[in-house]
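Below: the structure, in structure tokens.
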Amino acid sequence: MSKAYQVPFSFLIPFLLMSFGLAWGILGLYIFLPKEMVSVFGQLTGNHPLFFLAVYAPAIAAFVLVARMGGLAGVLRFLGRALLWRCGTAWYAFLIIGIPLIFIGGSALRGNLLTEPFPFTSFQTLLVALVIAAIKGPVEEFGWRGLALPLLQRKFAPIWAGLILGVIWGLWHLPAFLLSGTQQSDWSFAAFFAGCLAISVIVTALFNRSHGSILLSAIFHFQLMNPIFPDAQPYDTYLLIGVASIIVWLNRKAMFTKEAAVTDVIPN
């Protein structure tokens, strides 16, 4: 690509500083100054505007750095990666059928598949939940897979880049586990962290196979948060680890070499 638009590897440091600084700063204030924050901004929940701002931190950081390097033209080229949709049929089958089966299977192993009622009482509440899921977590992918993964793949083979990013991604979520009112506060961090590693490896393979698609990474992220799927914690994590192992084996040449790794943040 044009050297003028090349985002340097060193941009990974300010990306992480902004991503962690904004997210941990907001959640940290609620952890250490709960009364003051609640009195000014209200109780923090998963749908609070400040929680959305914290979730959007990686995307905000990515757009700031892409704009710094490439200006408006660079941002538009970066956004073009959110329109990439070409990928193998097997990957689409995994996104549409495989992920739901993971949650259904995990819920069956947990024993709550047929015992818990459908959580939505009307089509309107279901639609609202789907919209919130679509505009929350998937936006992170502009940062994690949009900027961080291509930079890491310049230095490491995809398997190691995916695992490194999985560690970073998992730790980034940590403050949410320390706050009541967030979805993560009811989960086990150890299982979630292991799941982040498995998910990061899976999406790395998908990302490279789709030539750096942010769109498919975001769809994958949405499916993991899809509110219509049953609660399968922690068995969904175990199944995701198994799926990640299979995907690594099937794509072992691409995962352990940098030959097919996408390394451009701003494409030609």
Going through the stretch 1-43 one residue at a time, which ones are farther than 23 Å from ARG145 by Cα, open to solvent by 50 Å² or more (accessible area, probe 1.4 Å) and either free of Cβ contacts under 8 Å to residues at least 60 places away in the same chain or not hydrophobic (A, V, I, L, M, F, W, C) (or both)?
LEU29, PHE32, LEU33, PRO34, LYS35, GLU36, VAL38, SER39, VAL40, PHE41, GLN43
Which members of the stretch 240-268 meet the condition of being of a type outside the set (Val, Ile, Thr), open to solvent by 60 Å² or more (accessible area, probe 1.4 Å) and either part of a helix (DSSP H, G or I) or in contact with a Leu (Cβ under 9 Å, 6 or more places away or on another chain) (or both)?
SER245, TRP249, LEU250, ARG252, LYS253, PHE256
Name the residues in the stretch 110-144 that are open to solvent by 80 Å² or more (accessible area, probe 1.4 Å) and among the hydroxyl-bearing types (Ser, Thr, Tyr), would you?
THR115, THR121
Which of the residues belonging to the stretch 173-223 are in contact (Cβ under 8 Å) with a residue 40 or more places away in the chain and in contact with a Cys (Cβ under 9 Å, 6 or more places away or on another chain)?
LEU206, ARG209, SER210, HIS211, SER213, LEU216
Residue hits (the stretch 44-60; under 30 Å from PHE78 (Cα atoms), open to solvent by less than 60 Å² (accessible area, probe 1.4 Å) and not aromatic (Phe, Trp, Tyr)) are GLY46, HIS48, LEU50, ALA54, VAL55, ALA57, PRO58, ALA59
Members of the stretch 177-216 that are assigned to a loop (DSSP other than H, G, I, E, B), open to solvent by 50 Å² or more (accessible area, probe 1.4 Å) and either at pLDDT 95 or above or touching a Pro at 6+ places or on another chain (Cβ under 7 Å) (or both):
SER188, HIS211
Taking the stretch 145-159 and keeping residues touching a helix residue (DSSP H, G or I) at 6+ places or on another chain (Cβ under 8 Å) and either within 16 Å of LEU206 (Cβ to Cβ) or surrounded by fewer than 19 Cβ atoms within 10 Å (Cβ to Cβ) (or both) leaves ARG145, GLY146, ALA148, LEU149, LEU152, GLN153, ARG154, LYS155, PHE156, ALA157, PRO158, ILE159
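The values are calculated or read from the model by the stated rules, or taken from the named source; none is laboratory data. Here the structure is a predicted model, which means the values were calculated and not measured. Backbone-built Cβ (ideal geometry, glycine too); neighbour counts: all protein chains shown. To get the accessible areas, we keep the full protein, side chains included, count just its heavy atoms, and leave off ligands, DNA and RNA. Shrake-Rupley method; radii C 1.70, N 1.55, O 1.52, S 1.80 Å.
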